[in-house]
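Participant: If you scroll down you'll find the structure; I have some questions about it.
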Amino acid sequence: MCGIVGCILKDKEAAPVLLECVGKLEYRGYDSVGIATSASEIRIQKDQGKIDAFTENLDMKELPGKLGIAHVRWATHGLPTKINAHPHTDCQKRIAVVHNGIIENFKELRTELINSGHKFSSDTDTEIIPHLIEKYMDEGLDLEEAVRSAVRDIRGSYALAIMCRDEPGKIIGVRKESPLIVGKGEDEYFLASDVPAVLNHTNQVIYLDNREMVILDGEEIIIKDLDGKILTKEVHTIEWTPDMAEKQGYEHFMIKEIHEQPDAVKNTLREEEDIRNMVRDFPEFKKICFVACGTSYHASLVGKYLFETLVGLPTDIILASEFEYSGGALDKDTLVILITQSGETADTLKALRIANEKAETLAIVNVLGSTATRDAKHVIYTRAGPEIGVAATKTYVSQLTAIYLLAILMGGKEELLETLQKIPDFMEEALKTEEEIKVIAKKYKDTYDFFFIGRGFSYPTALEGALKLKEITYIHGEGYAAGELKHGPLALIDDDVPVVAVTPPGHSHNKTLSNLEEVKARGARVIALGSKEDHVLKSEAEDFIGFPSEINEMFSPLPYVIPMQLLAYYISIYRNIDPDKPKNLAKCVTVE
Ligand code: M6R
């Protein structure tokens with residue numbers, strides 16, 4: 001998983017623009033950076049590490065030209081080293097390529113190319129691509145034909161940006177299963193993995209579909225399929241401003257995005273009419289099956305409880321990466337709901353392809369034009385705006401909101417819409433706990449293990465709290481159904497292990513309270529989240545985070561997750577970790 005960019009500018013040097021654009025894609029990977037520009041020859045600069053360090057050591061004069069391509073890498077094949085950084089080139093260094101995706105048959109192709117005399121200098125799967133193009137150009141094909149022939153040989157996923165010394169002034173892009181967009185500015189042309197990369201230059205965007213190719217020559221945008229047939233594509237106007245993709249004064253994207261959550265929920269709530277129209281045309285389903293990964297999986301788990309409670313349909317929930325092994329019991333009466341903020345998660349897209357063959361599919365997605373939105377039979381956009389922090393925050397609450405709307409409308413429980421409309425205000429209240437959370441975060445920043453517990457609608461919140469902690473603080477956090485503790489993990493509890501208990505008023509409250517007694521008896525220090533008026537809970541806890549008492553269990557996942565996100569964020573800050581770029585992770589996981 002990586003980010004790629006290309007540009008052809010009219011009267012500016014490409015290198016600084018490429019750096020700026022690819023900087024907006026750092027959430028896709030930050031193992032290495034590389035740029036190639038073209039004037040009389042192709043010049044390349046690349047290195048391991050993040051963009052800031054790369055830029056500091058870069059002499060822009062080394063990268064002349066108004067045209068170029070750039071890359072940020074999240075390593076899949078080959079270590080995150082300078083040698084493996086993109087762009088990669090052919091033997092004669094006349095072709096430069098940046099790639100996002102995985103070439104599954106690269107070993108066979110590499111062996112064939114080496115046997116016919118090609119010399120490789122990296123361990124990447126990508127490097128076979130410039131060599132394949134070189135092979136076809138040596139056979140007499142022009143760049144466009146050679147790219148087409150090369151991608152026909154490739155098995156796997158790719159978004160590519162390619163330039164060649166022999167055809168200066170041209171960039172070719174091509175995609176299969178990895179995203180690629182084209183940006184059209186004033187006599188300026190861009191290619192990128194995602195929209196934020198180009199927003200400072202244009203809001204006019206074309207989404208390429210699988211097996212489509214774009215040829216940019218500084219005059220026009222030509223889009224073709226892989227048989228060379230010219231295609232006409234819609235140009236979309238993007239309403240996100242460049243500012244929306246920036247930090248707006250916050251220290252990190254994550255904290256900015258945490259604060260944007262009430263607005264994100266309001267935006268999703270605006271989808272009510274579209275969802276109502278969609279639901280009206282639904283056939284009568286007999287079963288629901290949620291499929292997702294990570295945080296989106298936790299949203300799905302809330303969905304399971306909601307659909308079983310409000311719609312009364314049996315509801316499965318399957319991790320997308322397990323779907324091909326266990327997702328078989330589907331038929332035309334099943335609605336498969338895929339939750340994915342990016343719309344590009346490889347596991348989820350694979351599950352979507354399988355599900356499409358047997359059942360009705362609905363994708364709940366944040367990124368407009370992403371693959372899931374094009375592959376699913378029905379789509380709900382969460383409209384949370386761009387989320388740059390690797391840890392999902394505002395897209396999670398937007399996903400939840402879309403699921404609440406869907407369950408309420410499918411279940412005919414319209415009276416609950418009024419409560420849902422009040423949720424952004426309750427979330428504003430939850431954000432006011434920030435100062436208290438800072439104190440708790442400071443107190444527990446050096447802890448090795450945390451437990452997060454909850455029952456019913458609070459169980460997914462506990463899982464999400466633990467995932468946030470793990471991913472951005474590198475502290476072990478275990479999310480558990482409170483009632484399950486006594487079946488094993490209670491053995492791990494002692495006075496070194498804080499237990500965060502999600503205990504809103506409602507059906508599960510008293511039982512969770514008993515579970516708190518059990519952990520306290522083993523020495524655990526309890527951080528409890530509950531109603532401000534819950535004096536019993538307050539007296540049981542060493543630290544207490546209070547919420548308005550009107551927030552009942554069913555709607556608690558939306559506001560109650562906020563202190564969890566803040567806790568992880570501030571522990572990460574106190575441990576000197578960059579929460580926007582946790583190690584080993586990337587925003588969008590486009591490999592299985
Ligand atoms: O884009 P998706 O919603 O499909 O992503 C799924 C997971 O990769 C994602 O939620 C991941 O778990 C987040 N980094 C969690 O904060």
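The values are calculated or read from the model by the stated rules, or taken from the named source; none is laboratory data. If you're wondering where the values come from, they're calculated on a predicted model, not measured in any experiment. A quick note on method: Cβ atoms are made from the backbone with ideal geometry, for glycine too, and the neighbour counts reach across all protein chains shown. These accessible areas exclude ligands, DNA and RNA; they are computed on the full protein's heavy atoms, side chains included. Shrake-Rupley method; radii C 1.70, N 1.55, O 1.52, S 1.80 Å.
Participant: Given the criteria surrounded by fewer than 18 Cβ atoms within 10 Å (Cβ to Cβ), away from the ligand (no atom under 16 Å from the Cβ) and modelled with pLDDT of 95 or more, does R522 qualify?
Facilitator: no
Participant: Further question: Testing T395 on (1) within 18 Å of F282 (Cβ to Cβ); (2) modelled with pLDDT of 95 or more, one condition comes back false. Which one is that?
Facilitator: Status for T395: all satisfied but (1).
Participant: Same structure, new question: Give L516, L485 a once-over and let me know the one that is in the same structural domain as R455 (by TED's automatic domain parsing) and within 33 Å of the chain's Cα centre (by Cα).
Facilitator: Criteria check complete, one pass: L485.
Participant: Still on this structure, I have one more. So which residues in segment 485-505 are farther than 12 Å from V519 by Cα and either within 16 Å of the ligand (Cβ to nearest atom) or in a helix (DSSP H, G or I) (or both)? Walk me through it before giving the result.
Facilitator: Our first condition is that a residue be farther than 12 Å from V519 by Cα; within segment 485-505, this holds for 487-488, 502-505.
Once the filter is applied, which keeps residues that are farther than 12 Å from V519 by Cα and either within 16 Å of the ligand (Cβ to nearest atom) or in a helix (DSSP H, G or I) (or both), segment 485-505 yields only H487.
Participant: Kindly check whether there is at least one residue in segment 533-546 that is open to solvent by less than 50 Å² (accessible area, probe 1.4 Å) and of a type in the set (S, T, Y).
Facilitator: No; the residues of segment 533-546 include none that is open to solvent by less than 50 Å² (accessible area, probe 1.4 Å) and of a type in the set (S, T, Y).
Participant: Another question, if that's okay. Please specify each residue of segment 111-131 satisfying the condition of being within 31 Å of the chain's Cα centre (by Cα) and not in a helix (DSSP H, G or I). Spell out the reasoning first.
Facilitator: Applying the first criterion (within 31 Å of the chain's Cα centre (by Cα)) to segment 111-131 yields 122-130.
Of everything in segment 111-131, those that are within 31 Å of the chain's Cα centre (by Cα) and not in a helix (DSSP H, G or I) turn out to be S122, D123, T124, D125, T126, E127.
Participant: Moving on. What residue, of L310, L319, L306, L301, is modelled with pLDDT of 95 or more and open to solvent by 30 Å² or more (accessible area, probe 1.4 Å)?
Facilitator: Among L310, L319, L306, L301, only L319 is modelled with pLDDT of 95 or more and open to solvent by 30 Å² or more (accessible area, probe 1.4 Å).
Participant: Here is a list: G101, G68, G78. Which entry is outside any strand (DSSP E or B) and not aromatic (F, W, Y)?
Facilitator: On the way: G101 fails: outside any strand (DSSP E or B); G68 fails: outside any strand (DSSP E or B).
Being outside any strand (DSSP E or B) and not aromatic (F, W, Y) holds for just one of G101, G68, G78, which is G78.
Participant: Looking only at residues in segment 337-361 that are within 15 Å of the ligand (Cβ to nearest atom) and charged (D, E, K, R), which one is farthest from D194 (Cα to Cα)?
Facilitator: That would be R353.
Participant: I would also like to ask the following. Across segment 198-221, which residue is most open to solvent (accessible area, probe 1.4 Å) among those that are in contact (Cβ under 8 Å) with a residue 12 or more places away in the chain and farther than 29 Å from E246 by Cβ?
Facilitator: R211
Participant: So, one more: Hey, among the residues in segment 568-589 that are open to solvent by 10 Å² or more (accessible area, probe 1.4 Å) and away from the ligand (no atom under 12 Å from the Cβ), which one's nearest to W74 (Cα to Cα)?
Facilitator: K583
Participant: Further question on the same structure: Please work out if D495 is open to solvent by 10 Å² or more (accessible area, probe 1.4 Å) and under 24 Å from D425 (Cα atoms).
Facilitator: No, not satisfied.
Participant: Let me ask another. Restricting attention to segment 68-80, and to residues there that are among the aliphatic types (A, V, I, L, M) and surrounded by 24 or more Cβ atoms within 10 Å (Cβ to Cβ), which single residue is nearest to F190 (Cα to Cα)?
Facilitator: Per the criteria, the residue is I69.
Participant: Answer yes or no: is there a residue in segment 17-35 that is open to solvent by 10 Å² or more (accessible area, probe 1.4 Å) and over 22 Å from the mean Cα position of the chain (by Cα).
Facilitator: Within segment 17-35, one or more residues are open to solvent by 10 Å² or more (accessible area, probe 1.4 Å) and over 22 Å from the mean Cα position of the chain (by Cα).
Participant: Just for helices (runs of 4 or more DSSP H) wholly inside segment 257-306: which have at least 1 residues that are within 16 Å of the ligand (Cβ to nearest atom)? Full working, then the answer.
Facilitator: On the way: elements: 261-269, 272-280, 294-306.
Once the helices (runs of 4 or more DSSP H) in segment 257-306 are filtered for at least 1 residues that are within 16 Å of the ligand (Cβ to nearest atom), what remains is 261-269, 294-306.
Participant: Conditions first: (1) buried (at least 20 other Cβ atoms within 10 Å of the Cβ); (2) touching a Lys or Arg at 6+ places or on another chain (Cβ under 7 Å). S296 passes all but one, so which condition is the exception?
Facilitator: (2)
Participant: Something else now. Go through segment 380-435 and count every residue that is more than 16 Å from the ligand (Cβ to nearest atom) and assigned to a helix (DSSP H, G or I).
Facilitator: 27
Participant: If we keep just the residues of segment 223-252 that are aliphatic (A, V, I, L, M) and open to solvent by 40 Å² or more (accessible area, probe 1.4 Å), which is farthest from the chain's Cα centre (by Cα)? Break it down into steps so the answer makes sense when it comes.
Facilitator: Initial filter on segment 223-252 (aliphatic (A, V, I, L, M)): 223, 226, 230-231, 235, 238, 244-245.
If we keep only those that are open to solvent by 40 Å² or more (accessible area, probe 1.4 Å) as well, we get 230-231, 235, 244.
Working: I230: 32, L231: 29, V235: 24, M244: 17 Å.
Among residues in segment 223-252 that are aliphatic (A, V, I, L, M) and open to solvent by 40 Å² or more (accessible area, probe 1.4 Å), the one farthest from the chain's Cα centre (by Cα) is I230.
Participant: With the condition kept exactly as written, say whether any residue in segment 319-334 is assigned to a strand (DSSP E or B), closer than 28 Å to N210 by Cβ and of a type outside the set (D, E). I'd like the intermediate steps shown before the answer.
Facilitator: Step one: of segment 319-334, the residues assigned to a strand (DSSP E or B) are 319, 334.
Those still in the list that are closer than 28 Å to N210 by Cβ too: 319, 334.
Subset that is of a type outside the set (D, E): 319, 334.
Taking every residue of segment 319-334 in turn, at least one turns out to be assigned to a strand (DSSP E or B), closer than 28 Å to N210 by Cβ and of a type outside the set (D, E).
Participant: Hey, can you tell me all the residues within segment 436-475 that are part of a helix (DSSP H, G or I), closer than 21 Å to H252 by Cα, out of contact with any strand residue (DSSP E or B) (no Cβ under 6 Å at 6 or more places or on another chain) and not aliphatic (A, V, I, L, M)?
Facilitator: Passing the criteria: E436, K438, K442, E464, K468, E471, T473.
Participant: Got a sec? Which of R353, R383 is assigned by TED's automatic domain parsing to the domain that holds T309, open to solvent by 10 Å² or more (accessible area, probe 1.4 Å) and under 29 Å from E553 (Cβ atoms)?
Facilitator: Only one candidate qualifies: R383.
Participant: When you go through E134, E108 one by one, which is the residue that is assigned to a helix (DSSP H, G or I), open to solvent by less than 30 Å² (accessible area, probe 1.4 Å) and not assigned by TED's automatic domain parsing to the domain that holds V367?
Facilitator: Numbers: E108 fails: open to solvent by less than 30 Å² (accessible area, probe 1.4 Å).
Just one listed residue meets the conditions, E134.
Participant: Quickly run through segment 81-103 and pick out the residues that are at negative phi and open to solvent by 10 Å² or more (accessible area, probe 1.4 Å).
Facilitator: T81, K82, I83, T89, C91, Q92, R94, I102
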